[in-house]
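Read through the structure below, which is laid out as structure tokens, and then see the notes.
The values are calculated or read from the model by the stated rules, or taken from the named source; none is laboratory data. Everything numeric here is computed off the predicted structure, so don't read it as measured data. Cβ placement follows ideal geometry from the backbone for every residue including glycine, while neighbour counts extend to all protein chains displayed. Each accessible area value is taken on the protein alone, full model and side chains, heavy atoms only, with ligands, DNA and RNA left out. Shrake-Rupley method; radii C 1.70, N 1.55, O 1.52, S 1.80 Å.
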Amino acid sequence: DLFNFARVDFLHVYNFCMKIVYLSASATIVYYIRRKQPWKATYKPGEDSFLHVQYAIAPCAVLALLVHSEFSFMEVLWTFSIYLEAIAIMPQLILMQRYGNIENLTANYVFCLGAYRGLYVLNWVWRYAMDTHYHVSKVSWIVWISGLIQTALYCDFFYYYAMSKWYNKTMLPK
């Protein structure tokens, strides 16, 4: 709905502005991590072996072309973004599982991402029960399944995060 200007009211303008801020902040973070010192030095390309195109982008694109609510350009792009968002944390989780030694700030950040997604699922349940217009949507099942998959990907991380906090030990065993 970033490019949908059918209605122009406060909520849509606010939503548009927040998405522009979010996308700009994300692009800035990627730029700093890849191009600017001292942040550039923290990226370790040798440890980043996840094949993004093969295991994330291409499968999500094919799935979006095959499973969508309607076959239109914007709908397939939206569906692709939902599928990609569901698995976007996988490279980070694989990296953390592989190397085991995780900085406290990184572990807390990933925990907050997972908690956010878990709260989002609770929001969907509440909206389904309370909002009569919510469950009429023909695409809500795509969002629900993708959100549940994304939340499920965090379960292993949540277990080790809780154990590390409870026993005051390292985050993941090697």
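Give me the residue from segment 113-158 that is open to solvent by less than 50 Å² (accessible area, probe 1.4 Å), among the small types (Gly, Ala, Ser) and modelled with pLDDT of 85 or more and, out of that set, farthest from Ala86 (Cα to Cα).
Ala115
Residues in segment 73-80: is at least one in contact with a Pro (Cβ under 9 Å, 6 or more places away or on another chain), surrounded by 12 or more Cβ atoms within 10 Å (Cβ to Cβ) and either within 17 Å of Ser146 (Cβ to Cβ) or of a type in the set (Asp, Glu) (or both)? Give the steps one after another, and end with the answer.
First, the residues of segment 73-80 that are in contact with a Pro (Cβ under 9 Å, 6 or more places away or on another chain): none.
Within segment 73-80 (the criterion being in contact with a Pro (Cβ under 9 Å, 6 or more places away or on another chain), surrounded by 12 or more Cβ atoms within 10 Å (Cβ to Cβ) and either within 17 Å of Ser146 (Cβ to Cβ) or of a type in the set (Asp, Glu) (or both)), the answer is no, since none of the residues qualifies.
Among the residues of segment 99-112, are any surrounded by fewer than 11 Cβ atoms within 10 Å (Cβ to Cβ), under 14 Å from the mean Cα position of the chain (by Cα) and not aliphatic (A, V, I, L, M)?
Yes: one or more hits.
Residues are listed down the side, and each one gets a yes or a no for (1) closer than 24 Å to Val121 by Cα; (2) at pLDDT 90 or above; (3) touching a helix residue (DSSP H, G or I) at 6+ places or on another chain (Cβ under 8 Å):
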residue: His12; (1), (2), (3): yes, no, no
residue: Phe16; (1), (2), (3): yes, no, no
residue: Lys44; (1), (2), (3): no, no, no
residue: Ser49; (1), (2), (3): no, no, no
residue: Leu65; (1), (2), (3): no, yes, yes
residue: Thr79; (1), (2), (3): yes, yes, yes
residue: Ile82; (1), (2), (3): yes, yes, yes
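May I ask you to list pairs of residues, at least six apart or on different chains, whose Cβ atoms are under 7 Å apart, with the first in segment 51-74 being touching a residue at least 60 places away in the same chain (Cβ under 8 Å) and farther than 17 Å from Met90 by Cβ and the second being open to solvent by less than 50 Å² (accessible area, probe 1.4 Å) and assigned to a helix (DSSP H, G or I)?
From segment 51-74, the pairs are His68/Glu75; His68/Val76; His68/Thr79; Ser69/Glu75; Ser69/Ile142.
Can you name the residue in segment 81-97 that is of a type in the set (Gly, Ala, Ser) and open to solvent by 50 Å² or more (accessible area, probe 1.4 Å) and is also nearest to Val143 (Cα to Cα) among such residues?
First, pick out the residues of segment 81-97 that are of a type in the set (Gly, Ala, Ser): 81, 86, 88.
Now narrow it down to the ones that are open to solvent by 50 Å² or more (accessible area, probe 1.4 Å): 81, 88.
Numbers: Ser81: 10, Ala88: 15 Å.
Among them, the one singled out is Ser81.
Filter segment 1-31 down to residues that are within 22 Å of the chain's Cα centre (by Cα) and among the aromatic types (Phe, Trp, Tyr) and give me whichever is surrounded by the fewest Cβ atoms within 10 Å (Cβ to Cβ).
From segment 1-31, those within 22 Å of the chain's Cα centre (by Cα) are 1-3, 14-31; that's our starting set.
This time we only want the ones that are among the aromatic types (Phe, Trp, Tyr), so: 3, 14, 16, 22, 31.
On the way: Phe3: 7, Tyr14: 10, Phe16: 16, Tyr22: 10, Tyr31: 12.
It comes out as Phe3.
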